[in-house]
Amino acid sequence: MTEDPAPQKPSGAATPPGTATPPGTATTPGTAPGPQPEPLRFFGTTWVAHDGGYGARRVGVAVGSLVAAAAGCFVLRFAYEGLAIAAVGTFVNLLVVIMFAICSALAFRRTWEGFTRRHDPASQSSTRGLMTIGFVGTLLAYFFRSLSEAPGEKLHRQEYETARTQYKKRTSRRTGNPSRKNRNH
């Protein structure tokens, strides 16, 4: 009795991980060929056609980020009162308030810019501490951006549209089978 050294793959089985699929083919059944939209945090891919509860998600993100910012300010107030109780002095109290104000302003600006352009990974890692201290600014940026669109939607839409036009250009050039070209000169 001999065993088959290579078991046969059943028809319709998924491609193993790490195996490349031909360009322009869908990776899952029912998915259109070509570039796929990148999901946004809290929104998935509903930002593409503004469906699937997109409006409710925007309201949820706006309310959630505003409530989280208010809660963060409340916690910072307790920290400030702790400094006042410890009687560390006016200079230290002022220094802490100024530090949180500046870090929040910088985090707001950096988050706001991140909605329209991608930051390089090196600068993201170098400003991680600043963004953590200025979390209130980040939350406020999410709140204000969600009043007009899903945070990051403009950037993702531009990248998706660019990828779609490039894909259409690549696929429209291929007309017919090149081996059947009439080579009569």
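Things to note:
- For region 69-165, the mean projected area of the C-alpha convex hull, equal to one quarter of the hull surface, is 7.3 nm².
- Near residue 138: Cβ cut-off under 15 Å, other residues only, Lys/Arg at +1 and Asp/Glu at -1. The net charge is +4.
- The string of couplings for region 34-49 from the Karplus curve (6.51, -1.76, 1.60, θ = phi - 60°) is x, x, 10, x, 7, x, 9, 4, 6, 10, x, 10, 5, 5, 5, 10 Hz, one whole number per residue in order, with x for Gly and Pro.
- Whole-percent carbon and sulfur share, accessible surface of region 18-167, 1.4 Å: 67 percent
- Whole-Hz couplings from phi, Karplus 6.51/-1.76/1.60, listed for region 71-79; x for Gly and Pro: 5, x, 5, 5, 5, 5, 5, 4, 5
- Residue 162-residue 32 FRET efficiency (beta carbon distance; Förster radius 22 Å; 0.05 resolution): 0.80
The values are calculated or read from the model by the stated rules, or taken from the named source; none is laboratory data. Source: prediction; values computed, not measured. As a convention, Cβ positions derive from the backbone with ideal geometry for all residues, glycine included, and neighbour counts pool all protein chains shown. For accessibility, only protein heavy atoms count, side chains too; no ligands or nucleic acids. Shrake-Rupley method; radii C 1.70, N 1.55, O 1.52, S 1.80 Å.
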